[in-house]
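Have a look at the structure below before the remarks.
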Amino acid sequence: MTHEDLTRLAIRHLYGTRRCRVVVSERGGFEIPDALGWHVCSILIECKTSMGDFYADQKKPGRREATSFQGLGCERYYLTPPGLLKAEQLPPRWGLLEAHGKRVYKKLPASPQPAWNQAAEARILLKELAEWHYYLCDYERRVGHKPRKWEVFHEAFRWRNRHVLAQSGR
């Protein structure tokens, strides 16, 4: 299972199982999350395919206990292939998700972080909103008329599912 496969599963998990309305992938400045979604609180999913990748991730400033307030996500999870990580290897309050085929199973729930970088999350959200606004405003130039209501919904669906549509070549 590749990192791209895990990232697609993480995005699908956030939209579907966790019912997030907004999900971003590979966005950010200080930290670039594999998948970050918002429902009631922010949920970060970091995808790891190997132990080397996991150990490299532990060196990030937001992963250490003393600086966990710099990291993204009120709830934080690792998504791995089956059996890669054990609960005792995880940083404090992190959860563990495992990918079995096309399904994601929660092996260990995450506890909410006492503090996280909400300012960085707000910047990511504003950047996503600005791109969506530009995309929708550009619709008139591409199609030749202002979008009707159903066209806005259609474009919103395409924008929301752009990760999946890019893989299928649409």
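So here's what we get for this one:
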{"quantity": "Residue ID - surrounded by the fewest Cβ atoms within 10 Å (Cβ to Cβ), chosen from residues in region 72-93 that are touching a residue at least 40 places away in the same chain (Cβ under 8 Å) and closer than 14 Å to D53 by Cβ", "calculated": "P81"}
{"quantity": "Some residue of region 127-146 being surrounded by 13 or more Cβ atoms within 10 Å (Cβ to Cβ), within 27 Å of E31 (Cβ to Cβ), among the aliphatic types (A, V, I, L, M) and at pLDDT 80 or above", "calculated": "no"}
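The values are calculated or read from the model by the stated rules, or taken from the named source; none is laboratory data. Quantities reported herein were computed from a predicted structural model and do not represent experimental measurements. Reconstructed Cβ throughout: ideal geometry from the backbone, glycine too, with neighbour counts over all protein chains shown.
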